[in-house]
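Working notes, beginning with the structure itself.
The values are calculated or read from the model by the stated rules, or taken from the named source; none is laboratory data. Bear in mind the structure is a predicted one, so any value in this text is a computation, not a measurement. Reconstructed Cβ throughout: ideal geometry from the backbone, glycine too, with neighbour counts over all protein chains shown. When the accessible area is computed, the model is the full protein with side chains, heavy atoms only, and any ligands, DNA or RNA have been set aside. Shrake-Rupley method; radii C 1.70, N 1.55, O 1.52, S 1.80 Å.
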Amino acid sequence: MSKKAVRRLYNQFQPTKYKLKISPDRESMRFSGRVTLYGKKVGRPSQRITLHQSGLTITSCTIVKHDRKTDTDIEIERINQHRRYDEVRLHTDQILYPGYYTIELTFHGTITKAMNGMYPCSFTHDGENKQLIATQFESHHAREVFPCVDEPEAKATFDLTLTTPQGETVLANTPVKKQTTSKTTTTTTFETTPVMSTYLLAFAYGELDYIEAKTKDGVKVRTYATPDNVGFTEFALDVAVKCLEFYNDYFGIDYPLVKCDMIALPDFASGAMENWGLITYREQTLLVDPQNTSLSNKQYVAMVVAHELAHQWFGNLVTMRWWTDLWLNEGFASWIEYMAVDHLFPEWQMWTQFTVDEQQPAFRLDALEYTHPIEVEVKQPDEIRTIFDTISYNKGASVIRMLHQFLGSDNFRDGLRHYLEMHAYGNTDTVDLWDALGSISGKPVKKFMQSWTSQPGFPVVRANVDQDREVSLKQERFYLNPQHTPEAPTTWPIPLLTSDPQIPDKMVDATLSFKLKDSHHLKLNSGQSGFYRTAYNSSHLERLGAEIQSGHLEPNDRLGIISDLFETAKAGQTDTADALEFLRHVHHEDNYAVWDIISGALGNIRLVMNDEQLREAMKPYTRELVSIELERLGWEKQDQDTHFDRLLRPIILGMAASADEPWVVDRCQELFSKLTQPGSSGTYNEIDPDMRGVVFGTVARLGDTKEFEKIMKLHDESTLSEERVTLAAALTGFEKPKLISNALSHITSDKVRLQDVIYWIAYSFMNRHAREQTWQWLQKNWSWLEKHIGTDLSFHRMPIYVARVHSDSSFIPEYKKFFEARMTPALERSYKQGLEVLQWQSAWKTRDLKEIRNFFIQLNQSK
């Protein structure tokens, strides 16, 4: 049974301080604790105080009422624990009037394997199996460790005391205040935290080492990891120090704590978590091994570190009032991480990558009818994890970028400073940010942004540019699914973003017309910072193609035109064959970001059309398409390589390998045949980390049992998180049913960490030979998945992983039958989105498969 909408407990009791003592026991996987909660009862008089708890057993409780002259003990009539509501209700004999109270509870609970609440992290050191104990409280898992008011608005200070095994490192949000030891245990009391939300409290203990640096303002920054991995945190430490200094300057407020610890956990469900002063990371997002980490993952480490450190101000210092405004935290941090990393590494061209990595994924999800607004009402906790998604992160970041462009960099920065100063240590709604930015800039921020955050979807601007220099624009909501038509016209205030002074700055109505002296070079949304797609009439599109071919358009504009063209083709608004024909203009393209879009477009055609004849027909086309860049880049790194060249090489080689380019396939198989095991005699290092995905993926696609067993051995012996994921992609890429079955059976074994389960499932679904077996395995093992990763943020996306690899409408009844029988609030949105994906992909395949197949066949015959 689904849970009902929750009551906001903060409206009944408002904590100001917690004194929390916890004693975990690693052997029994249990913990006990005592919490003393100081706070204020508000609202109507009653005979009850309600707190959050989940999975705890409350063993005792006392309540003291504080009057001006006396303290009064309140008799507890009974304690009711309500699993359905995640509550403990403390009933009293007498009326509790508004005022100040102290509540003390003792309790015990379970250290779970689900990677939320308090949980173990396993690793091996010196041949011994060991465990760290760590916490993950966002979004609503603090209640699994202690009774509290577990809502973002319920900010308080925390005095934490932990009793842990002697000799182990113990960490929390703040520095150690004092420690006492016995023969077997250490009791650590930490300094009082700042006023903060429960989801930001964190602690960890176990066998950990660290390296340390300081910012120029004296903040102590440490990176912690298991002993064998701590040396790989140097890059992240350097990035962290520089990011803290950058944010101090940008926000105009110094980092509020005296220390900033970052810890790489062997088991972690998400990428990282911004706990104030103790940021936790998946190993893959903090460790950089110079011999084994790919350039793309090294860049990812920098981005995640910048993201989490931005939260120390935007999210921790100033926090959303309720989860409806989660996007304020995540969208903003997802935007400013690019600014910070661009400041540190300008040669990385981060704003070009932003368009590919943030804006384009947001477009794809927001093109569905069952998307959601950036500001989405959250009625109860199980819905919270459904909005930790592409809309809150990627679309949120995209509209922030658009607003930054609209206001100008100085106005935006000064408005943010004003916002943080006004609301430090407090809570806000989205409108508070608009008010601060508007008051500083003098521009109508609230009016401009309301449509972008309060209504779902985004516009497509249809631009008709005729030979007489007349331009007519029409905006409407863009849908990928041709079955969907808007019930009522929807408009947005669209920044047209051109350099032509004859063109209005914004389009606010459904249509707009104007005349230009020269319309031949018109390109809307210059730089692609506006969150909308553009569809041009065919003659003007050809003019823009000529602009691309002659090198007159910047990379963001080139990739924007190509992406918009292919996405409108998927929706049936243009012809896919015309989009493919347009790629003749990019034969000399050398930009990584543009190639990322091209590669994705062709890959999506192969995936959705799912036709063997088409696949074979695409191979000669692909080999020719990549031929110039393949010759320029080659296999080996070159001294003149740019950052983008190094990111592009695996894309080009991967496309060539998938198209059976002989020398690339031969090189992959040769390197693999020489491979023994990670790090042995340096042989593993002969495969460049950037190329390992191409090598293992190609060998798997063409391999048999011998190759499978070798890759499986590499996976099971690997200690590097990134490497295990790369090898998992290969293990799920074989064609033979028995090898597919072997890979799937591995998922529920102790060889695959729970944090990696979702990779195995997603990769296996992407293998067209494994699709049906994976679907059957998923249905059979649903209970196991629900038990072990059911609270993981990725679990609720399972319907989308299933839907995105199916494009036949005949699968829809089967999809509905399975998921509707297992529906929960956490799955509902993903299920409906998956259904839409099935519908539009089926429509696209039915409409365009024959035309696309003929395009490639005729192209091959003409050569």
Please list His715, His343 from largest to smallest accessible area, probe radius 1.4 Å, with all protein chains kept in place. His343, His715
Cross-link reach from Lys17 to aspartates and glutamates, straight Cα distance under 14 Å and at least 8 residues apart if same chain, gives Glu104, Asp150, Glu153, Asp159, Glu191
For Phe203, residues with placed amide H under 5 Å, excluding near neighbours: Thr135
Within segment 1-119: Cβ-based charge dipole about Cα centre, in debye rounded to nearest 20 (Lys, Arg +1; Asp, Glu -1): 520
Placed amide H near Gln14: partners under 5 Å, 5+ positions off or other chain: Lys40, Lys41, Val42
What label, among (i) 65; (ii) 49; (iii) 42, belongs to percent of Cα pairs over 39 Å apart computed from the structure on display? (iii)
A student applying the Cα gyration tensor rule (rounded when a/c is under 1.5; otherwise prolate if a/b is larger than b/c, oblate if not) would label segment 110-184 oblate
Selected from Leu633, Ser451, Met320, residue furthest toward positive end of dipole (the chain; charges at beta carbon): Met320
Does anyone have the angle between helix 326-344 and the longest principal axis of the chain? Alpha-carbon axes, 0 to 90°, nearest 10? 60
Using only Cα atoms, tell me the angle between helix 705-717 and the longest principal axis of the chain; keep it within 0 to 90° and round to the nearest 10. 40
In whole Å, what is the distance between the alpha-carbon centres of segment 740-791 and segment 248-312? 29
Förster-model FRET efficiency, 22 Å R0, Thr59 and Arg84, C-beta, rounded to 0.05: 0.55
With Cα atoms, 0 to 90° folded angle of helix 445-454 axis to the chain main axis: 90
Under 9 Å, Cβ to Cβ, from Asp690 - net charge with Lys/Arg +1 and Asp/Glu -1: +3
Just how large is the dipole of segment 214-327 about the Cα centre, in debye to the nearest 20, putting +1 at every Lys and Arg Cβ and -1 at every Asp and Glu Cβ? 140
Rounded, prolate or oblate: which fits segment 439-499, taking a ≥ b ≥ c as square roots of the Cα gyration tensor eigenvalues, rounded meaning a/c under 1.5, else prolate when a/b beats b/c? oblate
Take the cross-link list Lys155/Lys259; Lys155/Lys379; Lys713/Lys738; Lys570/Lys637 and give me the ones stretching past 28 Å between alpha-carbons. Lys570/Lys637
Project the alpha carbons of segment 389-523 onto their principal axes and report the range along each, largest first, in whole Å. 58, 39, 21
Put +1 on the Cβ of each Lys and Arg and -1 on the Cβ of each Asp and Glu in the chain; which of Pro620, Leu607, Gln839 then has its Cα farthest toward the positive end of the dipole? Gln839
Asp429: accessible area at probe 1.4 Å, nearest 10 Å²? 50
Along the dipole axis of the chain (charges at Cβ: +1 for Lys and Arg, -1 for Asp and Glu; origin at the Cα centre), the most positive-end residue among Gln573, Leu295, Asn11 is Asn11
How large is the dipole of the chain about the Cα centre if only Lys and Arg carry +1 and Asp and Glu carry -1, each at its Cβ, rounded to the nearest 20 debye? 2600
Between Arg7 and Val508, what is the spin-label point distance in nm, taking each point 7 Å from the Cα along the Cα→C-beta axis? 4.5
Give me the aspartates and glutamates in straight-line cross-link reach of Lys850: C-alpha distance below 20 Å, same-chain residues under 8 apart excluded. Glu567, Asp575, Asp578, Glu581, Asp611, Glu612, Glu616, Asp808
Backbone HN-Hα couplings from phi across segment 518-531 [Karplus 6.51/-1.76/1.60, Hz, Gly and Pro as x]: 9, 9, 5, 9, 5, 9, 6, 6, 4, x, 6, 7, x, 8
Amide H of Glu153 versus every other amide H placed in the peptide plane: which residues, excluding those fewer than 5 positions away on the same chain, fall under 5 Å? none
